[in-house]
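S.K.: Below you will find the structure I want to go over with you.
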Amino acid sequence: MIRMTTLPHIALFTLAVAMGACTLQKVDDAADYREALPVTESVSVSGPGASGEGSSTKAFAGHTGLLDTSGSGAPAVAEWYAFTRNVRDGVNVVTRDVLMGVWAIARTPPRQVGVDFAEWGPFTDALDPVAWRLHIDRLPDATFAYRLDGRPRASQAEGDYRAVLRGTGYGRTDARHGDGSFSIDLDAAKALDPVKHPNDSGKLTITHDLPADIAQNLAALPRTIQAQIDPSGEAWVTIKSVSNVDGTGSLEVNAHTDVDASNATLLEDVSVESRYHADGAGRADLVISGGNLPASIPLVSGSECWNTSFVRVYYSDSQNFKPTYGDPTACVEGPASSP
């Protein structure tokens, strides 16, 4: 043991401060790794209306009843506004739940920090049946690769871990900071916690393209978010969300899903482009083919517009599945170039 009793008091004080600074620095060695993690507010899919409270991938396939010809055409909440919002909320709810868990862990001191990695956990909340571990690697190309693993909380076996989240991102000083992508394995999430994910399945992948000042403002615009949803079975959904500085935006959805009112029949190919203003008013242009459409009608196109209360002000489709309603001059947007 080295005795330091002969050192001047001021030297001891200085040494103590320096050692304390080293300790704090050691705890904060993971700061660079944390910077690469996506933040919920920054990677949320935007769209018209307040955020919903849907809780599973079931929200991705919410039907519109377009093929149900019993509708009266009376003023109502716009059905394709509801479709747009349901798809948006389904993605955001799943993303929010997983990323909140990631950040709950990342804000704690890491268990270990190496030359090119940081690791947290295993960590378990009192009411969580899962023990979670967060691992981030610094790769040679300045990319950070992160992974959230979970295993049953009673397990001590390394082989019981399952990766629920995998992604890549960049540090705060990197010009690419805010960009990246991540995938959520919903089958793994359900296997670990079936109570929280009763209806989830497949994979959700998010690609985010964010402005350079995202580090200072989590809600910075413009931003582009793309999502790929692949639940179990044949259904799938792709989404591209663009949010502009002036509050306008667009949401393009392409899907193989059921738009029949029964939501239990053949799957249709659906393409929808919704555009909206800052006050929520907007328009959706759509094309539907296949599925339960009669052989004599290979394709249906249509348009729907809604006001700031999300009430339909105009509707028309090429086959008159539902009565034309309202006046197209009430639309805040003209026809889309696509779909």
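The values are calculated or read from the model by the stated rules, or taken from the named source; none is laboratory data. For clarity, every value in this text was computed on a predicted model and none was experimentally measured. So basically every Cβ, Gly included, is an ideal-geometry build from the backbone, and we count neighbours across all protein chains shown.
S.K.: Kindly evaluate A295 against the criterion of being farther than 18 Å from G47 by Cβ, at pLDDT below 90 and either touching a Gly at 6+ places or on another chain (Cβ under 6 Å) or assigned to a strand (DSSP E or B) (or both). Show your work before the answer.
M.R.: Values: farther than 18 Å from G47 by Cβ: yes; at pLDDT below 90: yes; either touching a Gly at 6+ places or on another chain (Cβ under 6 Å) or assigned to a strand (DSSP E or B) (or both): no.
Against the criterion (farther than 18 Å from G47 by Cβ, at pLDDT below 90 and either touching a Gly at 6+ places or on another chain (Cβ under 6 Å) or assigned to a strand (DSSP E or B) (or both)), A295 does not qualify.
S.K.: Working carefully through the options D200, D193, find the one that is over 24 Å from T238 (Cβ atoms) and among the acidic types (D, E). Step through it out loud before you land on a result.
M.R.: Working: D200 fails: over 24 Å from T238 (Cβ atoms).
None of the others qualify; the one that does is D193.
S.K.: Collect the residues in the stretch 249-268 that are under 26 Å from F182 (Cα atoms) and at pLDDT 90 or above, keeping them in residue-number order. Walk me through how you get there before you give the answer.
M.R.: The initial filter retains those residues of the stretch 249-268 that are under 26 Å from F182 (Cα atoms), namely 249-257.
Matches in the stretch 249-268: G249, S250, L251, E252, V253, N254, A255, H256.
S.K.: Would you confirm whether or not the stretch 216-229 contains a residue that is surrounded by fewer than 16 Cβ atoms within 10 Å (Cβ to Cβ), in a loop (DSSP other than H, G, I, E, B), among the aliphatic types (A, V, I, L, M) and free of Cβ contacts under 8 Å to residues at least 40 places away in the same chain?
M.R.: The answer is no, given that none of the residues of the stretch 216-229 is surrounded by fewer than 16 Cβ atoms within 10 Å (Cβ to Cβ), in a loop (DSSP other than H, G, I, E, B), among the aliphatic types (A, V, I, L, M) and free of Cβ contacts under 8 Å to residues at least 40 places away in the same chain.
S.K.: Can you report the number of residues in the stretch 230-248 which are in a loop (DSSP other than H, G, I, E, B) and surrounded by fewer than 21 Cβ atoms within 10 Å (Cβ to Cβ)?
M.R.: So the first thing to find is which residues in the stretch 230-248 are in a loop (DSSP other than H, G, I, E, B), and the list is 231-235, 244-248.
Retained after the next criterion (residues that are surrounded by fewer than 21 Cβ atoms within 10 Å (Cβ to Cβ)): 232-235, 244-248.
Counting residues in the stretch 230-248 that are in a loop (DSSP other than H, G, I, E, B) and surrounded by fewer than 21 Cβ atoms within 10 Å (Cβ to Cβ) gives 9.
S.K.: So E273 ticks every box in (1) assigned to a loop (DSSP other than H, G, I, E, B); (2) in contact (Cβ under 8 Å) with a residue 60 or more places away in the chain; (3) closer than 20 Å to L251 by Cα but one. Which box is left unticked?
M.R.: Single failed check for E273: (1).
S.K.: Restricted to the stretch 37-56, and to residues that are at pLDDT 80 or above and in a loop (DSSP other than H, G, I, E, B), which residue is farthest from G247 (Cα to Cα)? Steps first, answer last, please.
M.R.: Start the filter on the stretch 37-56 by keeping residues that are at pLDDT 80 or above, which leaves 37-46.
Adding the requirement that they be in a loop (DSSP other than H, G, I, E, B) leaves 37-39, 44-46.
On the way: L37: 26, P38: 22, V39: 20, S44: 15, V45: 13, S46: 10 Å.
The extreme case among them is L37.
S.K.: Follow-up question, since we're still on this one. Could you tell me which of the residues T84, T95 is assigned to a helix (DSSP H, G or I), more than 13 Å from the chain's Cα centre (by Cα) and hydroxyl-bearing (S, T, Y)?
M.R.: Values: T95 fails: more than 13 Å from the chain's Cα centre (by Cα).
None of the others qualify; the one that does is T84.
S.K.: To continue, here is another question. Just give me the residues in the stretch 163-184 being crowded, with 17+ Cβ neighbours inside 10 Å and within 15 Å of V130 (Cα to Cα), in sequence order.
M.R.: V164, L165
S.K.: Could you please give the count of residues in the stretch 196-214 that are outside any strand (DSSP E or B), surrounded by 17 or more Cβ atoms within 10 Å (Cβ to Cβ) and among the aliphatic types (A, V, I, L, M)?
M.R.: Number of matching residues: 2.
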